[in-house]
């Protein structure tokens, strides 16, 4: 791949298709470290256009509200990544079909950023295969934290961290019987609002509690689902954010009181139950929901996927 940094050559590919999943971060105790990819997907086709025209078509979620200019997060991420990967973009067509609910704690911004970075990688490299470490690193840099991006890029259950080499992550194979059940509210919640409710400092006891539960959660998801209820306990963020999402908090309490391992998805307000043979999804879906909420039985997604659509004519 030609990576000359700034003013690189025009790409040799005409169109790229990228498919990216929703993600649920934290999973209870794994604050800003754990993530799970869910099979709700946004799909985007990025096409090179003659001249400098920008055309953005959006269908599905966000069709009435998302911008269709340079302020669109996918376009800005695409341009940032193209510059990093040393490829010059001019006219761009974007056709997006969105299924990931926005402002619901399901990683919609991480998915959009990942789609832009992945598309730029494919255009710059000309390969029909993503360099997932490269996409993860830049997408996490744009997003500001790696937990949702890691699950979006790698799929499945992921553990992510920041270090001297930037954002890194590993995917952990989980039991095949893990079935996420998502409780989706009608209204969203700003991530900034949710983070604003967190205390500036925490005590050693709370930190030790969550560290232990995070380690146990990995074991529960990979080998012992009967431990998921205790493994999803949290003391760092869920109750602290409760005042901003009272319906979510009450639903979470009702699910857990019924011995269903449930957590706030990301910063909320969606609620996620981690069901399995130890706790069948039918039990979770039978719990009464607040008015206007939707229950979705999902699968775990394999992560981002990208392919070349075609090459420019001779």
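Across the stretch 195-213, the number of residues qualifying as farther than 23 Å from residue 231 by Cβ, surrounded by 10 or more Cβ atoms within 10 Å (Cβ to Cβ) and free of Cβ contacts under 8 Å to residues at least 40 places away in the same chain comes to 1.
Could you tell me whether any residue of the stretch 183-192 is in a strand (DSSP E or B), in the same structural domain as residue 283 (by TED's automatic domain parsing) and touching a residue at least 24 places away in the same chain (Cβ under 8 Å)? Lay out the reasoning, then the answer.
The first filter runs over the stretch 183-192 and keeps only residues in a strand (DSSP E or B), leaving 183-184.
Next, only the ones that are in the same structural domain as residue 283 (by TED's automatic domain parsing) stay: 183-184.
Checking the rest, the ones that are also touching a residue at least 24 places away in the same chain (Cβ under 8 Å) come to 183-184.
Yes - at least one qualifying residue is present in the stretch 183-192.
Residue 101 meets each of the listed conditions (1) surrounded by fewer than 24 Cβ atoms within 10 Å (Cβ to Cβ); (2) in the same structural domain as residue 290 (by TED's automatic domain parsing); (3) within 14 Å of residue 266 (Cα to Cα) apart from (2).
Quick grid of which residues meet (1) more than 12 Å from residue 153 (Cβ to Cβ); (2) buried (at least 23 other Cβ atoms within 10 Å of the Cβ); (3) in contact with a strand residue (DSSP E or B) (Cβ under 7 Å, 6 or more places away or on another chain):
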site: 88; (1), (2), (3): yes, no, no
site: 92; (1), (2), (3): yes, no, yes
site: 111; (1), (2), (3): no, yes, yes
site: 115; (1), (2), (3): no, yes, yes
site: 118; (1), (2), (3): no, yes, yes
site: 122; (1), (2), (3): yes, yes, yes
site: 125; (1), (2), (3): yes, no, no
site: 129; (1), (2), (3): yes, no, no
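Residue 268 falls short on exactly one of the conditions (1) modelled with pLDDT of 95 or more; (2) crowded, with 21+ Cβ neighbours inside 10 Å; (3) touching a strand residue (DSSP E or B) at 6+ places or on another chain (Cβ under 9 Å), and that condition is (3).
If the condition is being at pLDDT 95 or above and out of contact with any helix residue (DSSP H, G or I) (no Cβ under 7 Å at 6 or more places or on another chain), then the stretch 105-132 contributes 105, 106, 108. Residues of the stretch 142-151 that are farther than 10 Å from residue 113 by Cα and modelled with pLDDT of 95 or more: 146, 147, 148, 150, 151. All of (1) surrounded by fewer than 24 Cβ atoms within 10 Å (Cβ to Cβ); (2) closer than 28 Å to residue 180 by Cβ; (3) touching a residue at least 12 places away in the same chain (Cβ under 8 Å) hold for residue 153 with one exception: (1). Out of all the residues in the stretch 158-173, is one or more surrounded by 14 or more Cβ atoms within 10 Å (Cβ to Cβ) and either assigned to a loop (DSSP other than H, G, I, E, B) or over 21 Å from the mean Cα position of the chain (by Cα) (or both)? The answer is no, given that none of the residues of the stretch 158-173 is surrounded by 14 or more Cβ atoms within 10 Å (Cβ to Cβ) and either assigned to a loop (DSSP other than H, G, I, E, B) or over 21 Å from the mean Cα position of the chain (by Cα) (or both). Being under 24 Å from residue 73 (Cβ atoms) and in contact with a strand residue (DSSP E or B) (Cβ under 7 Å, 6 or more places away or on another chain) is a condition met by at least one residue of the stretch 176-194. Among strands (runs of 3 or more DSSP E) entirely within the stretch 216-314, having at least 1 residues that are under 23 Å from residue 32 (Cβ atoms) and in contact (Cβ under 8 Å) with a residue 12 or more places away in the chain singles out 262-264, 271-275. Here residue 71 passes the criteria (1) free of Cβ contacts under 8 Å to residues at least 12 places away in the same chain; (2) closer than 20 Å to residue 307 by Cβ except the one numbered (2). What do you reckon, is residue 49 more than 24 Å from residue 266 (Cα to Cα) and either without any contact (Cβ under 8 Å) to a residue 60 or more places away in the chain or within 18 Å of the chain's Cα centre (by Cα) (or both)? Criteria met by residue 49.
The values are calculated or read from the model by the stated rules, or taken from the named source; none is laboratory data. If you're wondering where the values come from, they're calculated on a predicted model, not measured in any experiment. Cβ atoms come from the backbone with ideal geometry, glycine included; neighbour counts cover every protein chain shown.
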